[in-house]
1. Look at Trp319 and say whether it is part of a loop (DSSP other than H, G, I, E, B) and either within 29 Å of Gly101 (Cβ to Cβ) or at pLDDT 85 or above (or both).
2. Show the residue pairs meeting these rules: Cβ distance below 7 Å; 6+ apart or different chains; first residue within the stretch 201-229 and among the basic types (Lys, Arg); second residue surrounded by 14 or more Cβ atoms within 10 Å (Cβ to Cβ) and not in a strand (DSSP E or B).
3. Condition check: part of a strand (DSSP E or B), farther than 24 Å from Ser412 by Cα, of a type outside the set (Phe, Trp, Tyr) and in contact with a strand residue (DSSP E or B) (Cβ under 9 Å, 6 or more places away or on another chain). Does Leu381 satisfy that?
4. When you scan the stretch 348-361, do you find a residue that is in a strand (DSSP E or B) and under 24 Å from Gly282 (Cα atoms), even just one?
5. Given (1) crowded, with 18+ Cβ neighbours inside 10 Å; (2) touching an Asp or Glu at 6+ places or on another chain (Cβ under 8 Å); (3) at pLDDT below 90; (4) among the β-branched types (Val, Ile, Thr), where does Thr312 come up short, assuming only one miss?
6. Among the helices (runs of 4 or more DSSP H) confined wholly to the stretch 1-65, which include 1 or more residues that are at pLDDT 90 or above?
7. Return the pairs, sorted by first residue and then second, in which the second residue is of a type in the set (D, E, K, R) and modelled with pLDDT under 95, the first residue lies in the stretch 149-168 and is more than 21 Å from Val102 (Cα to Cα), the beta carbons are less than 8 Å apart, and the residues are 6+ apart or on different chains.
8. Those residues that are within 23 Å of Asp201 (Cβ to Cβ) and surrounded by fewer than 21 Cβ atoms within 10 Å (Cβ to Cβ), I need them from the stretch 152-171; list them, please.
Amino acid sequence: MKKVMIRSSLGLAVTLASTQLFASGFAINEQSISGMGVGFAGRSSSAEDASTVAGNPAGMARLKQEQFTVGAAGIYANTDIDHSRATLGGSSDGDMVPLVGVPMGYYVKPLNDQWAVGFGVYVPFGLATDYESGYAGRYYADKSVVKVITFQPTISYAFNDKVSIGIGPTFNRIEGELTSRTINALNPVSGGDGEVKIKGDDTAVGFNAGILVQATDKTSLGLTYHSKVDYKLDGNTKGRNLNFPGAPTLNFKADASLDLDTPESVDLSFTHKLDDRWTLYGGSTWTRWSRLKDITVESEVSGVPARAGLGTITEEQNWHDTWAHAIGASYKLNKEWTLRTGFSVDQSPTNNTNRSPRIPSGDRRIFSLGAGYSPTDNITLDFAYSYLKEESVDVNLVSATKGAYSATYHNSAHGFGSSLTYKF
């Protein structure tokens, strides 16, 4: 049987990363619409609704009513590519990200004054990118899709009215697809393009834990830890239309597997009530992206020439750990309406030397607006909008098998979200 073994320090899901998400690398922030409205400031120190299951499970013990929260966010991204140059030619259309939907759902049930249980279903990582077929950097990036969905049963305990803790295992399902273009490096013109598609999936376990402290009557502090998750994806690799001089079209299908880790993160934040109307939020998140040093692919496919680009392939990444910082505020206009706003800055884990068109990411700034509407005591509708703007970044890559490609990327994105919370 044909066998393709794929190994990576972080793995395929990283090669599927995109710059158009509202968190660094390929992480997704949108697990709470009420939190989105303040730029996710105070994520681990506020328990606004059942979405605290993801933000800080310790907050469940602060919710005194049984409730559920369901919602979704949509992300629309835009990329402009300037000064595109490629030795093998091609176009430079930057619209490579379709509209991305991010669903979420949570349930919390207080058992008594100390214990609470609940669960959440949310998306911590994921994206889709798809360049046009004649894209100038097609040998470095073509189509990429990754989907991670997490189910988290959770328990929370309040020691007293000041300190609570929470923890829950996370059951994570990942599905990934990577499509790449290949060339005949010895004779690109007559050799033509080929296409290689790698697909894989796995389920792995991690955990989410947190502590919430009511430091003063008006100030709460929170700390949340999301563990790394180890995956081993099993799937297959397919190739088609691989035309080489003197050889017929080569089509193949082979088994594939890979190991990868998604990184751990720590969020520390505060929530401070100025008065009955104004509340301030702030926080910082550290993510261990330095786990990604390189992406190495080793293939053994009988009958396919080595120059097809299916031998050992190593792409240096050398990502670094990142910090994100956020501030926000909410204003209770009246009994029904609460208005929110926030601003955050988020480092990119990439570097100028190894940045690729698959992850053309730069440091970003995000401005957010939101509102909560409670027409009755047991129903709340939350709405949020975010605008993301990245610094312009350059991609400069040279390869003996892929040619040279350089370009400047200008990235921005709009995010929209809404959710419903119902209290029993």
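The values are calculated or read from the model by the stated rules, or taken from the named source; none is laboratory data. Everything numeric here is computed off the predicted structure, so don't read it as measured data. Here the Cβ positions follow ideal geometry from the backbone for every residue, glycine too, while neighbour counts run over all protein chains shown.
1. In short, yes.
2. Sorted first by the residue in the stretch 201-229, then by its partner, the pairs are Lys228/Pro263; Lys228/Glu264.
3. yes
4. If we filter the stretch 348-361 for residues that are in a strand (DSSP E or B), which is where we start, we get none.
No, because not a single residue in the stretch 348-361 is in a strand (DSSP E or B) and under 24 Å from Gly282 (Cα atoms).
5. For Thr312, the failing item is (1).
6. 33-36, 52-55
7. Close Cβ pairs satisfying both conditions: Ala158/Arg62; Ala158/Asp113; Ser164/Arg62.
8. Pro153, Pro169, Phe171
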